[in-house]
1. Restricting attention to region 243-277, report how many residues are basic (Lys, Arg) and not in a helix (DSSP H, G or I).
2. Can you tell me how many residues within region 320-329 are surrounded by 23 or more Cβ atoms within 10 Å (Cβ to Cβ) and not aliphatic (A, V, I, L, M)?
3. With respect to residue 446, determine if the residue is touching a residue at least 60 places away in the same chain (Cβ under 8 Å) and farther than 21 Å from residue 261 by Cα.
4. Somewhere in region 387-407, is a residue small (Gly, Ala, Ser), assigned by TED's automatic domain parsing to the domain that holds residue 437, surrounded by fewer than 21 Cβ atoms within 10 Å (Cβ to Cβ) and free of Cβ contacts under 8 Å to residues at least 40 places away in the same chain?
5. What is the one condition in (1) at pLDDT 95 or above; (2) under 21 Å from residue 408 (Cα atoms) that residue 382 does not satisfy?
6. Within region 346-365, identify whether any single residue is more than 29 Å from residue 453 (Cβ to Cβ), part of a helix (DSSP H, G or I) and touching a Phe, Trp or Tyr at 6+ places or on another chain (Cβ under 9 Å), and answer yes or no.
7. Go through 307, 286, 315 for me and flag whichever is in contact (Cβ under 8 Å) with a residue 24 or more places away in the chain, among the small types (Gly, Ala, Ser) and out of contact with any strand residue (DSSP E or B) (no Cβ under 8 Å at 6 or more places or on another chain).
8. Could you grab the pairs with beta carbons closer than 8 Å, sequence gap of 6+ or different chains, first residue in region 201-225 and touching a residue at least 40 places away in the same chain (Cβ under 8 Å), second one assigned to a helix (DSSP H, G or I) and basic (Lys, Arg)?
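The values are calculated or read from the model by the stated rules, or taken from the named source; none is laboratory data. None of the values given here were measured: they were computed from a predicted structure. Don't worry about glycine lacking a Cβ; one is built from the backbone with ideal geometry, like all the others, and counts go over all protein chains shown.
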Amino acid sequence: MEDNKAEQHDAPSKSKEEIQAERKAKKAEKAAKKTNVSKNPETKKVQPKTVKGDDMTTEIVPEKSKKDATEKVKSVTKPDSPTFIPITKVDGITKKEEGTKSNAELKAERRAKQEAQRAAKLESKPTTKSKHTVDDQIQADRPSVEKRLVKTLASQQVPQLPPAQRKVQLFSHLQQQERRLGLLTKDLSINQGNIHPAIIRLGLQYASRVVCGSNARALALMNAMKIVISDYSSPADKELLRDLQDSLKPNITFLKQCRPISVTIGNAIRYLKRQIRTAPPHLDEATTKRYLCDAIDKYVLENVELAGRAICEEAAKKISSDDVILTYGYSSLLLRILLKAYVDDGKKFRVVVLDCSPRYEGLQFLRRLAAAHIPAVYMLISGASYIMPQVTKVFLGAHALLANGNVMSRVGASQVALVAKAHNVPVLVCCETHKFCERVQTDSFVFNELGDPDDLVSVRPSSESNLKNWRDLSKLSLLNLMYDVTPGDLVTAVITELAVLPCTSVPVVLRVKHAV
């Protein structure tokens, strides 16, 4: 207060520049004190003296403190620190002591120590099971999921097929099935106990095409799962439902190795997983197994048996006498519809069966029609434009219905639908709702299934084909696509167990099914 009064009293006699100079000098004095104290704590004992004059302020520092600051040798030591470097300070010049380690050596030692600690931590950490569920097996068309599946195969000890010898570059991201059942069976001879024998038998049937078709594959899977659940016994220290869900993962992965999982199989696996997750936890083991087996039977009854019966009733109404019905390939659902309309309802019509290589599934469809005394004509797909003017309706089966309204069916179905659209012939797709899928596709390249390229080489018993040794030709590759995508604009209607719907109703049906 006295200094402020004195400053206010002297203010008229001093100029503005002098007052500013004094203030700057005071600030410099305070800053010098702070720096001297931080550098040399011993300077706290010796306070510098300031002498104020009329025009300037000077600072007087004792010469003894100057000498101590410049000549005294100061050692900074921290023996407990791993990065300790002894440093000496002589005459203001910092030097490292002789015999000390360099920065590079210290960094290398520190890095080695960190690696050792990390390795010890990983060894002491208990192994945890993968947190990814069966959805990884279903969404395998995603690149991230595909990479994760490849990494988990080794931990699950699932036998893997060798990679394909030659693939078309545009479809190199798809799994190609070849005649390598001998290699797969050889790997299964050293099978561990994590894959059930029923799943092994089913996988071999998938790979050899003994079990073929969307509905047949789903039914075979559900029957095999009932056997797996019935034979399962939970360990004493684990929960039944959680351990059962984990034990199903290598089985599903093995089935995917045998043949890519279809949409019907994926929906069935999701249903089974949801039933395991929502099963009552208070039930004992026998009751829980019975509950899950009953849920599987209910799924098969509602989504396959009753759904097929409802579709047959509705589709048979669309068939009139003297109609010419065109079908393509083989479909168990279409066979039931034609038998219902001809045998049960007594309608008289003719059937044109279109077929294509390499499997010629239409021949089996033709034999079933001939056994029921239904008039039928067999043709290859190349004659579709020739026979289409005589056709009144086109009935097609489906492998899956996508969320954008496109129909995924056996390769060639889109060509049949396109020819029918050009001739103004209605195209009716018969499909159960358990084949509806949330995936969106506009082409057949993103997700598909590649068959064995050797199936395209037709070798007759009397003569040999020129493509028999096609693998010896370095610039020749064979592509055997299994499915194609038919745009929804080419489809007149979809006959389901719910109703006759347009293709654009797929998202609505999926939302209602998920809500239930």
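1. Selection size over region 243-277: 1.
2. Residues of region 320-329 that are surrounded by 23 or more Cβ atoms within 10 Å (Cβ to Cβ), as a first pass: 325-329.
Imposing the further condition that a residue be not aliphatic (A, V, I, L, M) reduces the set to 327-329.
Here the count works out to 3.
3. No: the conditions fail for residue 446.
4. no
5. In the conditions (1) at pLDDT 95 or above; (2) under 21 Å from residue 408 (Cα atoms), residue 382 misses (1) alone.
6. no
7. 307 is the lone residue from the list that is in contact (Cβ under 8 Å) with a residue 24 or more places away in the chain, among the small types (Gly, Ala, Ser) and out of contact with any strand residue (DSSP E or B) (no Cβ under 8 Å at 6 or more places or on another chain).
8. Pairs found: 206/217; 214/435.
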